[in-house]
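A.B. asks: Questions regarding the structure given below will be posed in turn.
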Amino acid sequence: MIESKAEIQLFTTPSTWVEGESIRQLERVATLPGMLKVAAFPDLHPGKGGPVGAAMLSEGIFYPYLVGSDVGCGMMLCPTDFESSKAKPEKWFKKLKGLEEPLSEEEIAEYLPDSTAIAPEMYPSFGTIGLGNHFVEILKLKNLHHEASFRSSGLHQSALAILVHSGSRGYGDRLLRSHVERHRDGGLIAGSEEANQYLAAAGDNRCIAAA
């Protein structure tokens, strides 16, 4: 048995409101075998078995149910050719149409030749940003720290950028359900066949939105 020596760190302030159940979930996670550190952030809240808004560091074992169903979700920050001083994002955002409409079969074939990578029930939504908390934002960059590190990407001070948070089209949920059906909330030993299979599946999530 791998011994647990986790420590809990809260990145909150005295004014941060945190639900008691999320703290209890956090404390439970900290006692799991192999867990070394657990960190909680201001958006901490209860999840299905484990806290949301937290990060965990384990050694020798990991827990897919704590990873959750977000495998395949994505965040992307894209530079534009516009300067924020000349931009009017408050008006432009009204022109962001079609994000709730799926791509055509021809467009899907262009972006994703292997359509089997998409959960059948999610196929019609490919090309949309997804449900829940997924979004597209137009951003004005005001304070860009270490600007030199971003020059190759096209980002620079006072630039206008687009931030996209897209969903997995059911891939992450399928992967999570597949694990829970066999292991419930149990962990996977690093290097084991089952652990390698999970990591391979998690790394093969090709069904993210075409943003």
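A.B. asks: Could you tell me whether residue 68 is touching a helix residue (DSSP H, G or I) at 6+ places or on another chain (Cβ under 8 Å) and on the phi < 0 side of the Ramachandran plot? Give the derivation first.
C.D. replies: Working: touching a helix residue (DSSP H, G or I) at 6+ places or on another chain (Cβ under 8 Å): yes; on the phi < 0 side of the Ramachandran plot: no.
Taking the combined requirement at face value, the residue does not satisfy it.
A.B. asks: Mind checking whether some residue in the range 12-26 is crowded, with 16+ Cβ neighbours inside 10 Å, polar (S, T, N, Q), touching a strand residue (DSSP E or B) at 6+ places or on another chain (Cβ under 6 Å) and more than 25 Å from residue 193 (Cα to Cα)?
C.D. replies: Of the range 12-26, the ones crowded, with 16+ Cβ neighbours inside 10 Å are 18, 22-23, 25-26.
Next cut, polar (S, T, N, Q) only: 22, 25.
Within this subset, residues satisfying the condition of being touching a strand residue (DSSP E or B) at 6+ places or on another chain (Cβ under 6 Å) are 22.
Those left that are additionally more than 25 Å from residue 193 (Cα to Cα): 22.
Scanning the range 12-26 turns up at least one residue that is crowded, with 16+ Cβ neighbours inside 10 Å, polar (S, T, N, Q), touching a strand residue (DSSP E or B) at 6+ places or on another chain (Cβ under 6 Å) and more than 25 Å from residue 193 (Cα to Cα).
A.B. asks: Can you tell me which residue within the range 27-54, out of those that are on the phi > 0 side of the Ramachandran plot and in contact (Cβ under 8 Å) with a residue 40 or more places away in the chain, is surrounded by the fewest Cβ atoms within 10 Å (Cβ to Cβ)? Walk me through how you get there before you give the answer.
C.D. replies: Quick first cut of the range 27-54, residues on the phi > 0 side of the Ramachandran plot only: 34, 49, 53.
Those still in the list that are in contact (Cβ under 8 Å) with a residue 40 or more places away in the chain too: 34, 49.
Values: 34: 21, 49: 15.
Of everything passing the filter in the range 27-54, 49 is surrounded by the fewest Cβ atoms within 10 Å (Cβ to Cβ).
A.B. asks: Would you point out the residue of the range 129-175, among those that are at pLDDT 80 or above and part of a helix (DSSP H, G or I), that is surrounded by the fewest Cβ atoms within 10 Å (Cβ to Cβ)?
C.D. replies: 173
The values are calculated or read from the model by the stated rules, or taken from the named source; none is laboratory data. A quick note: this is a predicted structure, and the numbers were derived from the prediction, not measured. Note that we place each Cβ from the backbone using ideal geometry, even for glycine, and neighbour counts take in every protein chain shown.
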